[in-house]
1. Condition check: open to solvent by less than 60 Å² (accessible area, probe 1.4 Å) and at pLDDT 95 or above. Does B:THR7 satisfy that?
2. Just need a number here: residues in the stretch A:21-45 that are under 30 Å from B:THR5 (Cβ atoms) and either open to solvent by 40 Å² or more (accessible area, probe 1.4 Å) or among the hydrophobic types (A, V, I, L, M, F, W, C) (or both).
3. Taking the condition open to solvent by 30 Å² or more (accessible area, probe 1.4 Å) and without any contact (Cβ under 8 Å) to a residue 40 or more places away in the chain, does B:ASP73 pass?
4. Name the pairs: first residue in the stretch B:17-41 and farther than 13 Å from B:PRO95 by Cβ and in a strand (DSSP E or B), second residue among the acidic types (Asp, Glu) and open to solvent by 10 Å² or more (accessible area, probe 1.4 Å), Cβ to Cβ under 7 Å, at least 6 apart or on different chains?
5. Determine, yes or no, whether B:LEU13 is open to solvent by less than 10 Å² (accessible area, probe 1.4 Å) and more than 12 Å from the chain's Cα centre (by Cα).
6. Counting residues that are at pLDDT 90 or above and in contact with an Asp or Glu (Cβ under 7 Å, 6 or more places away or on another chain), which strands (runs of 3 or more DSSP E) fully inside chain A reach at least 2?
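The values are calculated or read from the model by the stated rules, or taken from the named source; none is laboratory data. Please read all numbers here as calculations on a predicted model, not as lab measurements. Counting neighbours? That spans all protein chains shown, and the Cβs are built from the backbone with ideal geometry, glycine included. Surface areas here come from the heavy atoms of the whole protein model, side chains and all, with no ligands, DNA or RNA. Shrake-Rupley method; radii C 1.70, N 1.55, O 1.52, S 1.80 Å.
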Amino acid sequence: DAKTTQPNSMESNEEEPVHLPCNHSTISGTDYIHWYRQLPSQGPEYVIHGLTSNVNNRMASLAIAEDRKSSTLILHRATLRDAAVYYCILSTYGGATNKLIFGTGTLLAVQP
Amino acid sequence: NAGVTQTPKFRILKIGQSMTLQCAQDMNHNYMYWYRQDPGMGLKLIYYSVGAGITDKGEVPNGYNVSRSTTEDFPLRLELAAPSQTSVYFCASSPTPWLAVNTGELFFGEGSRLTVL
């Protein structure tokens, strides 16, 4: 099964951009790349997703490498509220047992 | 908006006891899911449902059962609690076929923390 690899932790300063990397070298052609984040003691929250092209929404941007073996979540101006664990996820259709493959997650600390 | 509501938020069970984790959503979503999250780990899919009366196993279904009699509710049953089931359980729902067509957004509840002693 395709899996993702993320750094365990990263730090950023408030108001600065943050680039969160994710490697998924065994991604298949039909796998979508999703990003979720999890604030302390809360359920995960959707951030963004994409297939091949870069994507933008009000929360973040997703940059996908041309070979799709890596992607980067971009928070344009980090705030204290962005401190969370960020999960890079591949959604894989596996027939009878559909799996949502979670990466290890990156703990983002935002300094004031 | 209530979204996805889970009860209870916390529960301590003794080995061998049974209980049901409740999950309700008010967004008229057809797709619902149960995940567990062990400390420091990502989420693993236990069971999912694509509509009332239809359920299927995820990655780690052993020791659990589910039912889906209505669109709104998707309870998770633990029949004989074991220490290995100590975890945080998250229920989620989706308006689109998240797993089947690799698109869509999952809406998560706030979680139910279960400890089995």
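1. No, not satisfied.
2. Matching residues across the stretch A:21-45 total 8.
3. Criteria not met by B:ASP73.
4. Hits for this filter: B:CYS23/B:ASP73; B:ALA24/B:GLU72; B:ALA24/B:ASP73.
5. So B:LEU13 passes the test.
6. Passing ranges, in order: A:32-38, A:106-111.
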